[in-house]
Amino acid sequence: FMDRILEHARRVLDEKDARRIAALLSNLDVYTAVKAVESLLNSQADLALLRVSEKLGWTLHFDHLAIRCGSADRRDAEKVVENLKTHHGYVASQIESENYFAFDDGWDAYVLFKALANGQQLRLFIDQSLPGHPAQIIQHWNHVYGYTPHHLALRATKLIDGQRQAVSLKEQGMAIKAEGVDVLTATGQYTAGLLQQVFTRPESNTDIPSGIRGRLRDIDPSLEAIIENGKLLELISRREMNESLKAEYFALYGLVFDASNPLHSAPVYPYFLPAQAAHVIRTSVQVA
């Protein structure tokens with residue numbers, strides 16, 4: 001899967017797109033950059049958002065990655081979490097209820113955070129299937145795609161009178177729809193802009209090994225079509241703090257807030273809402 005992505009990128013990616021991708025990755029740590037590049041090279045929606053943001057004068061921000069690990073039977077997510085904490089400096093939220101979620105449709109997830117000296121905030125959602133749910137797609141994902149992101153979430157801001165403000169979900173959706181990218185079911189309107197999320201339609205991947213197709217059909221006939229739903233972009237809009245609060249927020253990390261620095265974005269709510277996380281995962285399962 002990765003070999004095909006890289007070969008396709010070598011053939012079709014132009015220098016401008018390569019530079020757009022490199023600029024975004026240059027602000028991240030090595031783990032998140034390596035994971036994010038695979039989604040950026042594979043998803044046409046991601047590239048469309050990079051191009052549109054440049055054209056409209058938006059600043060594009062990394063928001064989070066969702067890594068699909070496999071199965072809780074093998075403690076796959078726990079192993080990834082331990083690696084991230086031990087070797088990459090990620091930490092759990094200080095709000096204990098934000099660290100781990102389990103969902104009725106057969107999967108659980110851990111949430112990790114990291115703040116970089118450049119002001120970039122990193123969020124990782126590490127998920128896996130739970131025992132007793134053989135048709136839950138997450139445990140079959142890595143057989144095709146590896147321990148890679150299910151999706152990359154990006155958000156945009158713009159400067160208005162010298163203050164950074166979130167680009168609304170509606171604005172982002174309309175902009176990439178104009179580029180031919182389908183946007184799925186949005187959620188978060190009830191937060192009045194605090195945190196809004198929507199997925200784009202997944203990239204189609206029909207090149208699934210026949211052996212894997214056969215095993216999936218034996219488990220549940222619907223899985224063969226679902227596994228073809230490849231990478232997708234998640235659009236995020238998070239309301240920004242006012243400038244005085246941003247200064248106090250960055251001071252907590254020992255950083256001096258600089259309104260002119262695009263990495264010094266400070267959303268009011270930097271965490272995940274469990275109900276929304278479950279909703280956007282479910283709406284990504286689009287079967288033709």
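Structure above, values below:
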quantity: Under 5 Å, built H, 5+ apart or other chain: amide partners of LEU152; calculated: LEU232, GLU234
quantity: Gain in span if fully extended, ARG74 to PHE1, counting 0.36 nm per residue against the direct Cα distance; calculated: 24.0 nm
quantity: Inter-label distance for ILE160 and LEU252, nm, one decimal - labels placed 7 Å from Cα along Cα-to-Cβ; calculated: 2.5 nm
quantity: Centre separation in Å (Cα based) which lies between the range 51-88 and the range 164-181; calculated: 22 Å
quantity: Paramagnetic reach from VAL268 in the range 185-225 [backbone N under 14 Å; point 7 Å along Cα→Cβ]; calculated: 189-196
quantity: The range 166-252 pair-distance distribution - Cα-Cα, 5 Å bins, rounded %; calculated: 3, 12, 16, 13, 12, 11, 11, 9, 5, 3, 3, 1
quantity: Contact order normalised by residue count of the chain, Cα under 8 Å, 6+ apart, percent; calculated: 20 percent
quantity: Residues in the range 89-115 reached by a label modelled at TYR147 [backbone nitrogen below 15 Å; 7 Å Cα→Cβ]; calculated: 89-90, 110
quantity: Nearest-20 debye value, the range 80-179 charge dipole, Cβ charges on Lys, Arg, Asp, Glu; calculated: 460 debye
quantity: Positive-end residue of LEU263, SER129, ALA92, charge dipole of the chain with Cβ unit charges; calculated: LEU263
quantity: Exposed trypsin sites (Lys or Arg not before Pro) absent - longest run of the chain, DSSP non-H/G/I/E/B, at most 16 other C-beta within 10 Å; calculated: 76-238
quantity: In nm, spacing of pseudo-spin labels at SER168 and ASP182 (7 Å Cα→C-beta vector); calculated: 2.5 nm
quantity: Cross-link pairs beyond the 20 Å C-alpha cut-off, checked among LYS158/LYS246; LYS85/LYS231; LYS55/LYS170; LYS16/LYS55; LYS35/LYS79; LYS114/LYS246; calculated: LYS85/LYS231
quantity: Contour excess over end-to-end distance, with Cα ends at HIS8 and ALA259 and 0.36 nm allotted per residue; calculated: 86.5 nm
quantity: GNM top mover of PHE113, PHE62, PHE103 - the chain, alpha-carbon springs below 10 Å; calculated: PHE103
quantity: Rounded to the nearest 20 debye, dipole of the chain from Cβ charges on Lys, Arg, Asp, Glu; calculated: 420 debye
quantity: Student exercise, the range 150-285 dipole from Lys, Arg, Asp, Glu Cβ charges, in Debye to nearest 20; calculated: 140 debye
quantity: Estimated FRET transfer efficiency when R0 is 25 angstrom, pair SER204-ALA135 (beta carbons, to 0.05); calculated: 0.75
quantity: Using a Förster distance of 25 Å, the FRET efficiency for ASN83-ALA22 (Cβ separation, nearest 0.05); calculated: 0.45
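Readers should treat all values here as calculations from the given coordinates under stated rules, not as data from a laboratory. Model, not experiment: these values are computed from the prediction. Because the Cβ atoms are built from the backbone with ideal geometry, glycine has one as well, and the counts that use them run over all protein chains shown.
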